[in-house]
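> The following block contains the structure, expressed as structure tokens.
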Amino acid sequence: MVRKTLRWLLTLALLTGALGTATARAATAAEPDIEERLLSIPGMSLIGEKPYPGYRFFVLSYTQPVDHRNPSAGTFQQRLTVLHRDVSRPTVFYTSGYEVSTRPSRREPTQIVDGNQISMEYRFFTPSRPEPADWTKLDIWQAASDQHRIFKALEPVYDRKWLSTGVSKGGMTATYYERFYPRDMDGVVAYVAPNDVVDAEDSAYDRFFARVGTKECRDRVNAVQREALVRREPMKERFAAHAAEHGYTFGTIGSLDKAYEAVVLDYVWGFWQYSLLKDCETVPADAAHATDQAIWDAIDASGGFDFYTDQGLEPYTPYYYQAATQLGAPMIGFPHIERKLIRYGYLPPRDFVPRAIPTKFQPWVMRDVHDWVRRDARHMIFVYGQNDPWGAERFRVDKGARDAYVFAAPGANHGALVAGLVDRERTLATARILDWAGVAAGGTAEPKPLATFDAKLDARGPEREHRLRP
């Protein structure tokens, strides 16, 4: 009798377990997968999915109002991507401030927290441009409102902690988003973000170029730049042949001569933005006796002779428009070059915007953001490179800010990372990022990224951006 009772209880337990397992499976099967959940969001549509081990990667389009102050005034399709890890993980919201890449990639904070990543294309970069384009609707508040609206749409799907991040103009974008919507994100990591508070005051850049690196390196780079202007006429012939071969034109900037000088005057800036001190060995040591080809190659490697053509400038019209209306842009001097060799000088961003698009500068916009960061920043980290020109004018935090930090990576360029900070600052920054994301490292002495480095997802270096493209 006892054995019968035990058999009956065992059978009941097995049956109950089987029913429970079946119920769990049914519930799991009934839950929509991540693609269904994303596409159930009103206004969200799928462009495509690309497989990547351990993730799902979607390229999506989202319907946005052209004017967030007047949503009935029309819409446009904004492109974004989702690198889906797991809804139980935190989410990182990234934008470059330009177009969005449609290949899977992972920014440093995403690797640190082992999270999901949402990447947004900035409004007016093609194909995320209203048609017709009302350029007055391209400003930092409208772009922050794009980001806010995407966050609110995705928050029910990704309901854990959120961080925002970006590099250079993307770091600026993350900062502006935080200024206008400070309750959205749980933390911000802004990399190499310029802060041009007073557009007409750029002496910080002149001081930077007077002491960056070593005197030997500065002299070598400066000499190549000067020599390219000494040889302007024969080098322009080479440039004209290059332009003819590729069908390049110069309607926006005005002439081939003007474009040539603009590329040359960018050389020193571009060298320090993209290179490291050890790269001085690649610069011609005796510029005066170097071949024309050596001078051409050095200048071309830094900025690119293609850039100030109509074809090179056109994709970046939205950036130059913003620089000419709100962001400002650096102007620097060239004390190592005789004035007679310079015909046009460092050009303002207005020169890179087609004349059919009017611009009017708003000097109060950057001052507002600057003051807000100093006074009200919360859960923000700014990372700069010691030898990056864009860090000459940077964001700062005062006593009114809370849990906010500004760090500089020794010897780093425009590709500065948390990983390149000195030990104490790297440990602090990593710990704060993990804590803000709700995945604190549990009191370990040395907090480390939670995801293993992936050479394809995490390929990093200075973003290849031009002098006037932070």
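The values are calculated or read from the model by the stated rules, or taken from the named source; none is laboratory data. Since we're looking at a predicted model, the values are computed, not measured. So basically every Cβ, Gly included, is an ideal-geometry build from the backbone, and we count neighbours across all protein chains shown. Surface accessibility is based on the protein's heavy atoms, side chains included, excluding ligands, DNA and RNA. Shrake-Rupley method; radii C 1.70, N 1.55, O 1.52, S 1.80 Å.
> From the list 146, 114, 159, 86, exactly one residue is open to solvent by 20 Å² or more (accessible area, probe 1.4 Å), more than 23 Å from residue 50 (Cα to Cα) and modelled with pLDDT of 95 or more. Which is it?
Every option except 159 fails the conditions.
> Of everything in the range 277-311, what is at pLDDT 95 or above, part of a helix (DSSP H, G or I), surrounded by 19 or more Cβ atoms within 10 Å (Cβ to Cβ) and of a type in the set (Gly, Ala, Ser)? Give them in sequence order.
Within the range 277-311, 287, 298 qualify.
> So, one more: Would you check which residues across the range 160-208 are out of contact with any strand residue (DSSP E or B) (no Cβ under 9 Å at 6 or more places or on another chain), more than 25 Å from residue 266 (Cα to Cα), part of a helix (DSSP H, G or I) and not aromatic (Phe, Trp, Tyr) and list them?
Matches in the range 160-208: 179 only.
> From 339, 343, grab the single residue that is in contact (Cβ under 8 Å) with a residue 12 or more places away in the chain and of a type in the set (D, E, K, R).
343
> Residue pairs, Cβ under 6 Å, 6 or more apart or interchain, first in the range 200-229 and open to solvent by less than 40 Å² (accessible area, probe 1.4 Å), second of a type in the set (S, T, N, Q). List them.
212/387
> Right, something else. Could you list all residues from the range 322-360 that are touching a Phe, Trp or Tyr at 6+ places or on another chain (Cβ under 6 Å) and in a loop (DSSP other than H, G, I, E, B)?
Passing the criteria: 330, 331, 332, 353, 357.
> Pairs needed: first member in the range 358-379, over 16 Å from residue 193 (Cβ atoms); second member anywhere, in a loop (DSSP other than H, G, I, E, B) and of a type in the set (Asp, Glu); C-beta distance under 8 Å; at least 6 residues apart or different chains.
361/199; 363/199; 375/398
For (1) modelled with pLDDT under 95; (2) under 19 Å from residue 404 (Cα atoms); (3) in contact with a His (Cβ under 8 Å, 6 or more places away or on another chain); (4) surrounded by 18 or more Cβ atoms within 10 Å (Cβ to Cβ), each residue gets a yes or a no:
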position	(1), (2), (3), (4)
437	no, yes, no, yes
440	yes, yes, no, no
444	yes, no, no, no
449	no, no, no, yes
459	yes, no, no, no
463	yes, no, yes, yes
466	yes, no, no, yes
470	yes, no, no, yes
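> Let me ask something else about it. Which of the residues belonging to the range 385-401 are within 18 Å of the chain's Cα centre (by Cα) and basic (Lys, Arg)?
Residue satisfying the conditions is 394 alone.
> Filter the range 404-425 down to the residues that are open to solvent by 40 Å² or more (accessible area, probe 1.4 Å) and closer than 13 Å to residue 189 by Cβ and list them by number.
Once the filter is applied, which keeps residues that are open to solvent by 40 Å² or more (accessible area, probe 1.4 Å) and closer than 13 Å to residue 189 by Cβ, the range 404-425 yields 405, 406, 417, 419.
> Residues 239, 250: which one is in a loop (DSSP other than H, G, I, E, B) and modelled with pLDDT of 95 or more?
250
> Residue 30 is checked against (1) of a type in the set (A, V, I, L, M, F, W, C); (2) open to solvent by 60 Å² or more (accessible area, probe 1.4 Å); (3) at pLDDT 95 or above and fails just one. What number does that condition carry?
Here residue 30 clears every test but (3).
> Which members of the range 237-288 meet the condition of being under 26 Å from residue 193 (Cβ atoms) and among the polar types (S, T, N, Q)?
273, 275, listed by residue number.
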